[in-house]
Amino acid sequence: MSAILAQADYPALMSAPTLFHYLVVSAFMFGLGLVGFLTRRNLIIMFLCTELMFQAAGLALVAFSRFHLNHTGETFVIFVLTVAAAEAAMALALVVLLFRRKETLDAERWEEMRG
Amino acid sequence: MIQKIQSLWPEIVLFATACVVMVVGISPSVAVRRSCGVIAGLGLALAGLVAIDWPGPASSVVWPALAPYVKVLVAGVGVLLLLVLAGLPDREYEAAVAHGQRYDPIRANRAEFYAFFLFSIMGVMLVSGAEDLIWLFLALELTSLPTYIMVAISSSRNRSLEAGVKYFFLGALGAALFLYGFALLYGATGSTNLETIRQVIAQQRLGSEAVNGVALAGALLAVIGVGFKIAAVPMHFYTADVYQGAASPVTAFLAFVPKTAGFVALILLLTTIGWGYGPSGQSLPEPIRTVLWVIAAMTMTVGNVLAVVQSSVKRVLAYSSIAHSGYMLVGLVAGPGPAGAPFARNGIAAILFYLLCYGVMNLGAFAVMASLERRSRSGATEEADSIDDLRGLCTTRPMLGWIMVVSAVGLLGMPPLLGFFGKLPLFTSGIGAGEIPLVVVLGINSAIAAYYYLRLAALALLEDPDVTPVGGGLSENAPPGRKFAGFICAAAVIGLSALAWPLINLADGAAKYEPRLTPGSAVSAREAPIVPSADALTEPRAASGRP
């Protein structure tokens, strides 16, 4: 079955990945991250959602970099990864501190201030 | 290249100071540890002095004098902020050490606190000199990342930690938004150099009379993402909680430093699109103008209306900080006007001048709150935060009371004071740009703001002091630097209004707009990046080459 599929002609749009495909995947990742950030209440999941959005931007940058045939976008991604790593360290530190004080990671449980 | 490095001397000085502070701050000797704040202040003052001695702009910059103005501004207000911040880190821990506890550098926060303060200010300076999207992204992150930690360690209460986490998560969301915007801007133009982006967008427009849609989407996302830093409307939710949860001195810092970085970044980003559209040829392209218009109107309205109903002074000041961002956005909508426009028409100059006014007035109000403490029934000291704590302050503590009155009336924009001279150019630039409805919204909001600013001033000035306070009475054990900084701010709110014209000339010079379209120099026809149009998106580059 798989052999037959492999020999079949793919539709023209699917034959080679183009900039468009990368951008669609990137936009999907970004949207997924945004929706996840706004709807989930667990701090770790929320942080992973912002990471997803960062990497969506990284994917778009690499795709654009290939499209323009220069290396600027790829250079940008290296810096983005560095900043994302710094943010990850900071997020974990803050989350661990929070967890020590109140044994929960539910964002709803941290509502000391209202107004 | 050499010129660029020369223009970075203030940042280099700050970086060296931060390194020294990080080592000195964990010294086992109390006297050496205490010198941390002094070293940081000296470094900051030196950085400001170095920034005045500016080596001259690079050749390809649209705002040649923007960077030195912003650098001197943040260094100057930074010294005042440092006076307010001094004595905040490790206060309880140092007291325990003085009572015989063994000093453990791991548990002390002093070194990180001062170093992060310097790093954040360095971030603002780097934003002002940004010539590239990568640089701008890193500088904005350098401004923000230290502030998250500063909020979390500003006091030992759970509240500060909660505020720090909230600030961090929304900050990460904002960073992701503007990063995606930067990626789209790069995709639309093929370069991350701000000047090249501007030229490419201008050239694309010569052909088609419309702005590239990808670039527009990128600029919009970037504006909304950077809106987090200035607490503009879709990203303003954190403001009240974070400002209330952080210790007052850190709140004063949050209200000025990230906001300055945000506005400078917005100016630089919108310059790439350019104020060359609309019927008069002096406004932003219609989609961006509409979005900014709505953001500006919503930001000031939300800020002012919610400030009216607050009972905590820090929350009032937080919402007023949102409102002031809305006022300054009017200048961004108005734009710099035609080449050689007078100060009254230049909205960017108005923003730069207002940042100075706002920084000074706001710091005065926060210095008062930082100087007051309340002893609760259980015996623990906590910050004075309730609006009732201000009652009769001019009678019981005349100096703090009058600082509060002057700052509040200044923030309101009463004529002889600095706030008035700051707000006036925002009005005139809006009128000059033909944005009459927005100026009307600005006027209505200034009237709403009068209610809560006058309440702050009247409570301190007219009411009798509370004879039977809830819990214990107020005390004033805070370090004397705070009162001193507040005094300087109040003096500046009164005194600088006499010096308003020289300062306005400085801001006007900093906002000199020199857009040039030089086909063939920055982007030669051969190197012109190929722009993804709608049909080019599905085809590889070779098939869509531009002639």
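Here are the numbers:
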item	result
Answer from B:SER325, B:SER312 - the residue that is touching a helix residue (DSSP H, G or I) at 6+ places or on another chain (Cβ under 8 Å), away from chain A (no Cβ under 14 Å) and within 27 Å of B:ILE448 (Cα to Cα)	B:SER325
Single residue of the range B:148-162 satisfying the filter (in contact with a Phe, Trp or Tyr (Cβ under 7 Å, 6 or more places away or on another chain) and part of a helix (DSSP H, G or I)) that is surrounded by the fewest Cβ atoms within 10 Å (Cβ to Cβ)	B:ILE149
Options B:ALA219, B:ALA231, B:ALA202, B:ALA246: the member that is within 26 Å of B:ILE153 (Cβ to Cβ), more than 14 Å from chain A (Cβ to nearest Cβ) and of a type in the set (Gly, Ala, Ser)	B:ALA231
Boolean, B:GLU131 is more than 21 Å from B:LYS4 (Cβ to Cβ), acidic (Asp, Glu) and crowded, with 17+ Cβ neighbours inside 10 Å	no
Subset of the range B:335-373 (residues that are of a type in the set (S, T, N, Q), under 19 Å from the mean Cα position of the chain (by Cα) and more than 21 Å from B:PHE420 (Cβ to Cβ))	none
Boolean, B:GLY213 is within 14 Å of chain A (Cβ to nearest Cβ) and modelled with pLDDT under 90	yes
Lone qualifier among A:ALA91, A:ALA60, A:ALA84 - being out of contact with any Lys or Arg (no Cβ under 6 Å at 6 or more places or on another chain) and more than 7 Å from every other protein chain (Cβ to nearest Cβ)	A:ALA84
Subset of the range B:98-113 (residues that are surrounded by 17 or more Cβ atoms within 10 Å (Cβ to Cβ) and not in a loop (DSSP other than H, G, I, E, B))	B:ARG110, B:ALA111, B:GLU112, B:PHE113
Criterion (touching a residue at least 12 places away in the same chain (Cβ under 8 Å), under 22 Å from the mean Cα position of the chain (by Cα), more than 7 Å from chain A (Cβ to nearest Cβ) and in a helix (DSSP H, G or I)) met by exactly one of B:ALA139, B:ALA176, B:ALA188	B:ALA139
Boolean, A:THR39 is at the interface with chain B (Cβ under 7 Å from one of its Cβ atoms) and either touching a Leu at 6+ places or on another chain (Cβ under 8 Å) or free of Cβ contacts under 8 Å to residues at least 24 places away in the same chain (or both)	no
Those residues of the range B:475-497 which are surrounded by fewer than 16 Cβ atoms within 10 Å (Cβ to Cβ) and at pLDDT below 85, in sequence order	B:SER475, B:GLU476, B:ASN477, B:PRO480
Test for B:PHE169: is it more than 27 Å from B:ALA365 (Cβ to Cβ) and out of contact with any Gly (no Cβ under 6 Å at 6 or more places or on another chain)	yes
Helices (runs of 4 or more DSSP H) fully within the range A:14-115 counting 2 or more residues that are out of contact with any Pro (no Cβ under 6 Å at 6 or more places or on another chain), crowded, with 19+ Cβ neighbours inside 10 Å and at positive phi	none
Evaluation of A:MET53 against (1) facing chain B (nearest Cβ under 8 Å); (2) within 30 Å of B:LEU306 (Cα to Cα); (3) of a type in the set (A, V, I, L, M, F, W, C) (one fails), failing number	(2)
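The values are calculated or read from the model by the stated rules, or taken from the named source; none is laboratory data. Every value quoted in this text rests on a predicted model; they were computed, and no experiment measured them. Because the Cβ atoms are built from the backbone with ideal geometry, glycine has one as well, and the counts that use them run over all protein chains shown.
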